[in-house]
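Here is the structure we will look at, set down as structure tokens.
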Amino acid sequence: MINNFHIYNTLTRKKEPFEALNPPKVGLYACGPTVYGDAHLGHARQAITFDILFRYLQHLGYKVRYVRNITDVGHLENDADEGEDKIQVKARLESLEPMEVVQHYMNRYHMNMDALNVLRPSIEPRASGHIIEQQELIVKIMDAGYAYEVNGSVYFDVNAYNETHPYGQLSGRKVEDLLSNTRALDGQSEKKSGLDFALWKKADPLHIMQWPSKWSDGYPGWHLECSAMSTKYLGEQFDIHGGGIDLLFPHHECEIAQNVAGYGKAAVRYWMHNNMITIGGQKMGRSFGNFITLDQLFEGDHALLEQAYGPMTIRFFILQAHYRSTLDFSNEALKASEKGLIRLLNAVATLDSIKTSDTSSVDVATLEERCSQAMEDDMNTAKLIGLLLGGVNIIHKLAEGKESIAEKELEKLKNIYFSWVYSVLGLEQPEESGKANEITGDLITMILNLRNDAKSSRDFETADRIRKELTNMGITVKDRKDGADWEIN
RNA sequence: GGUCGGUUUGCCGAGUGGCUAGGCGCUGGUCUGCAAAACCAGUUACAGCGGUUCGAAUCCGCUACCGACCUCCA
């Protein structure tokens, strides 16, 4: 499979040409959410980044198996592996079954992602459904001598591992440095070293989520699920692993160690990490408490929001920055995205009404090439959007007849916009669905027709009154030569 | 403290040696009964200092500031 796609590989800190292990198939794994709260803007960025990768690889002709997990067990509340399971904490607070909490937030996550036009992955495995696989991996790691059991819990032995394999390769850390920065063991801990992490944790009797094992009734460690599930569905080696940059250490580092220890080799060819969304220069995250959920954005229901922002505006906003850059949230930036998106989508809608000529005065081939190059360069959606918006000018001139285009060239132009804007970037024309909306539309059209009659008979007083009242309702009237168009603000 | 990254015009944000990024905003114009919308045109930058070079936002060094990770986090 020939392409010129280059990926920035976190492992090597370089852009590398993409070569699939088993073309035309590509195995892609991305770390999904822990479902104990509503998804926020940061989750949207992660999901959209790898949604673009999923779509783009398919656009290039690959057959992609995209696995994105749901973490519904195992993440602990604090360090030292002594905390409570996050899901369980939430369940107690809300007096719900843990699985009820999981289902609730998972449903909401799916609704949010659907709204953002994020494609569902090929497989969406849940940690709780792969306890057996995780236990099997623990056995392999123990057999290889890289894990030890203490009081029914099993820990990964980082020091033992580091003697034969460099631990910290992905995040650029050294064990010695890590050790000097790790809080001293208080003597109570079961772990041999502060760097060791839990593979299996014995549960106390009150712990609701627990499963039997040869070591104890307990639950799997936090990093284990991704190793076990990616191997199950993508094999011991696969092409791309993605996730938020905040998971780089320790999560992904531990994942590599688990794979090497258990299966004897590293699984991943390319590691990709999306950067964070910031707000006022600071990372937006659950632990900072400065996040805005997607529902709040869609509804405009948050103190920091001056208005509601549609899912496509959010998607466009995120795609206007490169995925490895931080992206700063602000109302001003969101509003700018909203307008830019409309400009782009309106132009695409205009393409069908362009008339062709015998010759072309516009250069479509160059645009086509530059768009491809932008995406080939580590998925630079920001550049791609810039190019597509630059072409909007040309589309307008073609529509007005100021430039000419041959039929074949027009087909090419349409293909550029339809495939990049709709298929790869996943942007959609806003839907006007529902009977109520239909009636509303018809009513407004009727009123505007009446106003047009008034204008024709030069009764501007009536015409202005109608327009003013519509404006007060939040409907913008746009007069054209033949009638009028309208828009709800 | 350790490791890594960032600092681009009023705002967001591309850009790794010479070629207009782009969007928003702002100013002017076209259209229009007027207004809005739409469209067209114009608009400004590269944290500071020093160095390399014919030429630097882009490479190197120093300084300042900001952030991320080092504990769960997309």
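The values are calculated or read from the model by the stated rules, or taken from the named source; none is laboratory data. Fair warning: this is a prediction, and the values are worked out from it, not measured in the lab. Quick reminder, even Gly has a Cβ in these numbers, built from the backbone with ideal geometry, and neighbours come from all protein chains shown. Areas reflect the complete protein model, heavy atoms only, side chains present, ligands, DNA and RNA absent. Shrake-Rupley method; radii C 1.70, N 1.55, O 1.52, S 1.80 Å.
Six or more apart or on different chains, Cβ atoms under 8 Å: show the pairs whose first residue is in the range A:466-489 and touching a residue at least 40 places away in the same chain (Cβ under 8 Å) and open to solvent by less than 70 Å² (accessible area, probe 1.4 Å) and whose second is more than 9 Å from RNA strand B (Cβ to nearest atom) and assigned to a strand (DSSP E or B).
Once the first residue is touching a residue at least 40 places away in the same chain (Cβ under 8 Å) and open to solvent by less than 70 Å² (accessible area, probe 1.4 Å) and sits in the range A:466-489, its partners that are more than 9 Å from RNA strand B (Cβ to nearest atom) and assigned to a strand (DSSP E or B) give A:486/A:475.
Is it the case that the range A:220-235 has a residue that's surrounded by fewer than 21 Cβ atoms within 10 Å (Cβ to Cβ) and without any contact (Cβ under 8 Å) to a residue 60 or more places away in the chain?
Residues of the range A:220-235 that are surrounded by fewer than 21 Cβ atoms within 10 Å (Cβ to Cβ), as a first pass: A:232-233, A:235.
When the remaining residues are screened for being without any contact (Cβ under 8 Å) to a residue 60 or more places away in the chain, the result is none.
No: the range A:220-235 contains no residue that is surrounded by fewer than 21 Cβ atoms within 10 Å (Cβ to Cβ) and without any contact (Cβ under 8 Å) to a residue 60 or more places away in the chain.
For residue A:318, are the conditions met, namely being touching a Lys or Arg at 6+ places or on another chain (Cβ under 9 Å) and modelled with pLDDT of 95 or more?
yes
Restricting to the range A:328-341, and then to whatever is touching a Ser or Thr at 6+ places or on another chain (Cβ under 9 Å) and more than 6 Å from RNA strand B (Cβ to nearest atom), can you tell me which residue is farthest from residue A:303 (Cα to Cα)?
Step by step, filter the range A:328-341, then rank; the result is A:341.
(1) open to solvent by 20 Å² or more (accessible area, probe 1.4 Å); (2) under 29 Å from residue A:26 (Cα atoms); (3) more than 12 Å from RNA strand B (Cβ to nearest atom); (4) assigned to a helix (DSSP H, G or I): which one isn't true of residue A:246, the others all being true?
Of the numbered conditions (1) open to solvent by 20 Å² or more (accessible area, probe 1.4 Å); (2) under 29 Å from residue A:26 (Cα atoms); (3) more than 12 Å from RNA strand B (Cβ to nearest atom); (4) assigned to a helix (DSSP H, G or I), the odd one out for residue A:246 is (3).
Does residue A:182 satisfy the condition of being open to solvent by 10 Å² or more (accessible area, probe 1.4 Å) and at pLDDT 90 or above?
no
Name the single residue that is farthest from residue A:424 (Cα to Cα) among those in the range A:32-59 being more than 9 Å from RNA strand B (Cβ to nearest atom) and open to solvent by 10 Å² or more (accessible area, probe 1.4 Å).
A:38
Enumerate the pairs (first residue in the range A:375-390 and under 11 Å from residue A:324 (Cβ atoms); second residue anywhere and more than 7 Å from RNA strand B (Cβ to nearest atom) and hydroxyl-bearing (Ser, Thr, Tyr)) with beta-carbon separation below 7 Å, excluding pairs fewer than 6 apart on the same chain, so at least 6 apart or on different chains.
Filtered contacts from the range A:375-390: A:378/A:8; A:379/A:56; A:379/A:323.
Looking only at the range A:467-477, which residues are at pLDDT 80 or above and either more than 9 Å from RNA strand B (Cβ to nearest atom) or in a strand (DSSP E or B) (or both)?
Scanning the range A:467-477 gives A:468, A:469, A:470, A:472, A:473, A:475, A:476, A:477.
Can you tell which of A:266, A:308, A:303 is closer than 30 Å to residue A:145 by Cβ and more than 10 Å from RNA strand B (Cβ to nearest atom)?
A:266 is the lone residue from the list that is closer than 30 Å to residue A:145 by Cβ and more than 10 Å from RNA strand B (Cβ to nearest atom).
Name the one entry in A:400, A:411 that is surrounded by fewer than 19 Cβ atoms within 10 Å (Cβ to Cβ), acidic (Asp, Glu), without any contact (Cβ under 8 Å) to a residue 24 or more places away in the chain and within 12 Å of RNA strand B (Cβ to nearest atom). So that I can check it myself, show each step before the final result.
Numbers: A:411 fails: within 12 Å of RNA strand B (Cβ to nearest atom).
The unique qualifying residue is A:400.
With respect to residue A:25, determine if the residue is modelled with pLDDT of 95 or more, surrounded by fewer than 19 Cβ atoms within 10 Å (Cβ to Cβ) and either farther than 29 Å from residue A:218 by Cβ or not assigned by TED's automatic domain parsing to the domain that holds residue A:322 (or both).
Yes, satisfied.
Only one of these is closer than 26 Å to residue A:46 by Cα, touching a Lys or Arg at 6+ places or on another chain (Cβ under 8 Å), open to solvent by less than 50 Å² (accessible area, probe 1.4 Å) and at pLDDT 95 or above: A:344, A:294, A:389. Name it.
Step by step, each of A:344, A:294, A:389 is checked, and only A:389 is closer than 26 Å to residue A:46 by Cα, touching a Lys or Arg at 6+ places or on another chain (Cβ under 8 Å), open to solvent by less than 50 Å² (accessible area, probe 1.4 Å) and at pLDDT 95 or above.
Could you tell me whether any residue of the range A:445-459 is in a helix (DSSP H, G or I), within 16 Å of RNA strand B (Cβ to nearest atom), within 42 Å of the chain's Cα centre (by Cα) and at pLDDT 85 or above?
So far as the range A:445-459 goes, yes, one or more of its residues are in a helix (DSSP H, G or I), within 16 Å of RNA strand B (Cβ to nearest atom), within 42 Å of the chain's Cα centre (by Cα) and at pLDDT 85 or above.
Out of A:172, A:129, which single residue is among the small types (Gly, Ala, Ser) and on the phi > 0 side of the Ramachandran plot?
A:172
So, residue A:85, is that one within 13 Å of RNA strand B (Cβ to nearest atom), of a type in the set (Asp, Glu), buried (at least 17 other Cβ atoms within 10 Å of the Cβ) and modelled with pLDDT under 95 or not?
Here the answer is yes, as residue A:85 does meet what is asked.
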